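All remarks here apply to the structure that follows.
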Amino acid sequence: MPPPAPPAELPAELPVVTAPRARRPRHTGRGRRMLQHLGWLPGCLAGRLVRAGILLEKIGNTLRFEHFWRRHLAKNPDVVFVPTFNKQIGKHPIWNVAINRIREMAGDGTILEFGTNNGGWLKYFHERLPEDITLVGFDCFEGLPESWDGLPRGAIKGYGLPLELWRDDPTHREQVLAEFRRTGIWPDLPQPNIRIESGLFAQSLPRFLADGVPQDIRLIHFDADLYISTRPVLDTICGQLGYRYLILFDEFYSVNHEFRAWLEFLDLYKLDDWRVLASSEDGSQVLIEVNTRKDPGRAHRPGTEGA
Ligand SMILES: C[S@@+](CC[C@H](N)C(=O)[O-])C[C@H]1O[C@@H](n2cnc3c(N)ncnc32)[C@H](O)[C@@H]1O
């Protein structure tokens, strides 16, 4: 339907109906009006109430996590369980499951990582995948923008650039770090098929999606820890993908954050065609396949129309 045509001439100024000055908000809800009588209590008590609410939410979400585990992991013989993170093997076992799966899907495609930090994950995946896979890492390189599960805002800042991408060249790596500390600029990445989108996701994601959501995503790695950094990306990107792809959560057992974001995303999009492929024994890293009954996505290549 075409939008309604604007009126030929706009009135000069719209009339404003005023009301008497309000000492406190005039809520129409009875509960809100009753709570107003407690408005004299000190602000720190209100803060404590909010924190108690977060704790209650955490207990509730932990119980939901247990249900989730029983329903989608414990009874499913197809789920691959891998050891919980330790210093010897790191998170390689579940990363390898994801890499094997991507290799099965197709030669090329796009991999996105939200929360790139020093770039260790990108480097591992890059080294084990064909060169026609494009990897894109998103990060503000300023550390966590909010406190998370006991860590303060600004934690996990790393070097402030994805220095691990220069790991094969220790001398050059030192130069890159020294140059970055002096100028705040880092040189071109050594890997031509890795791209970095700097900034808060709220800034970098609209920029990245200016030409639309890629139609050949193989895997999205969520490693930004926070609910506020995970849910918008799930809604914005994953809500628009109608083909088979993978999601790897790095802190899925952080129940008020990645786990909650996942449940809410499923609910929002009424998504039921997904399955857990692999999980660490403690449920921190979880690999999920979405749209399991569909084919993997394909990049739109100019000139292949009707081919
Ligand atoms: C756990 S680290 C990522 C680790 C990384 N994947 C690796 O392999 O080393 C989390 C990162 O998420 C980033 N981050 C979290 N929320 C963000 C947001 N909303 N926008 C941009 N970066 C964010 C932080 O800056 C931090 O570097």
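Just so it is clear, none of the values below were taken in a lab; they were calculated from the coordinates. Because the structure is predicted, anything quoted here is derived from the model rather than measured. Cβ coordinates were reconstructed from backbone atoms using ideal geometry, including for glycine residues, and neighbour counts include every protein chain displayed.
Can you give the FRET efficiency to the nearest 0.05 for Ala22 and Ala52, using r as the Cβ-Cβ distance and R₀ = 25 Å?
So the FRET efficiency works out to roughly 0.25.
For a footprinting-style exposure proxy, rank Met34, Met105 by other Cβ within 10 Å, fewest first.
With the sparsest Cβ surroundings first, the list reads Met34, Met105.
Sketch the reach of a paramagnetic label on Leu177 as a point 7 Å from Cα along Cα-to-Cβ, and name the residues of segment 95-119 whose backbone nitrogen lies under 13 Å away.
118
Quick one: if you take sqrt(5λ) for each eigenvalue of the C-alpha gyration tensor of segment 1-139, what semi-axes come out, biggest first, whole angstrom?
Listed largest to smallest, the semi-axes of segment 1-139 are 51, 32, 17 Å.
Among DSSP beta bridges whose residues both lie in segment 57-165, state the antiparallel percentage, nearest 5.
Looking only at bridges with both residues in segment 57-165, the antiparallel portion is about 25 percent.
Rounded to the nearest 5, what % of DSSP beta bridges with both residues in the chain are antiparallel?
Antiparallel: roughly 35 percent of the beta bridges in the chain.
Mean residue ellipticity at 222 nm from the helices of the chain, using -39,500 (n - 2.57) per DSSP H segment of n ≥ 4 over the full residue count, to the nearest 500 deg cm²/dmol?
Roughly -10000 deg cm²/dmol at 222 nm, from the helical runs in the chain.
Starting from 0.36 nm per residue, how many nanometres of slack lie between Arg128 and Arg275 once their C-alpha separation is accounted for?
Extra length available between Arg128 and Arg275 comes to 50.5 nm.
Provide His92, His67 in ascending order of the number of other Cβ atoms located within 10 Å of each residue's Cβ, fewest first.
With the fewest neighbours first, His92, His67 line up as His67, His92.
For a quick check: sort His221, His37 by the number of other beta carbons within 10 angstrom, fewest at the front.
Ranked by crowding around the Cβ, least crowded first: His37, His221.
Hey, how much of the P(r) for segment 81-290 falls beyond 30 Å, as a percent of Cα pairs?
Cα-Cα pairs of segment 81-290 separated by over 30 Å account for 18 percent.
Per 10 Å bin, what percent of the C-alpha pairs of segment 84-172 does each bin hold, from zero upward?
15, 38, 36, 10, 0
Determine the distance separating the Cα centre of segment 216-230 from the Cα centre of segment 162-176; give it in Å without decimals.
26
If you take the beta carbon distance between Asp168 and Asn86 as r and set R0 to 25 Å, what does 1/(1 + (r/R0)^6) give as a FRET efficiency, to the nearest 0.05?
0.50
Peptides 183-193, 107-117: what's the order by average Cβ count within 10 Å, highest mean first?
Ranking the peptides 183-193, 107-117 by packing returns 107-117, 183-193.
Cross-chain or 8 or more residues apart, Cα under 27 Å: how many lysine pairs in the chain fit that? Count them up, please.
Within the chain, the lysine pair count is 13.
Looking at segment 168-307, what % of its DSSP beta bridges pair antiparallel, to the nearest 5?
About 65 percent, rounded to the nearest 5.
When you count, for each residue, the other Cβ atoms within 10 Å and take the mean per peptide, how do 139-145, 8-14 rank with the highest first?
Per-residue Cβ counts within 10 Å, averaged per peptide and sorted highest first, yield 139-145, 8-14.
Compare Lys87, Lys75, Lys157 in a GNM of the chain, Cα atoms joined below 10 Å, and give the one with the largest fluctuation.
Looking only at Lys87, Lys75, Lys157, the largest GNM fluctuation is found for Lys87.
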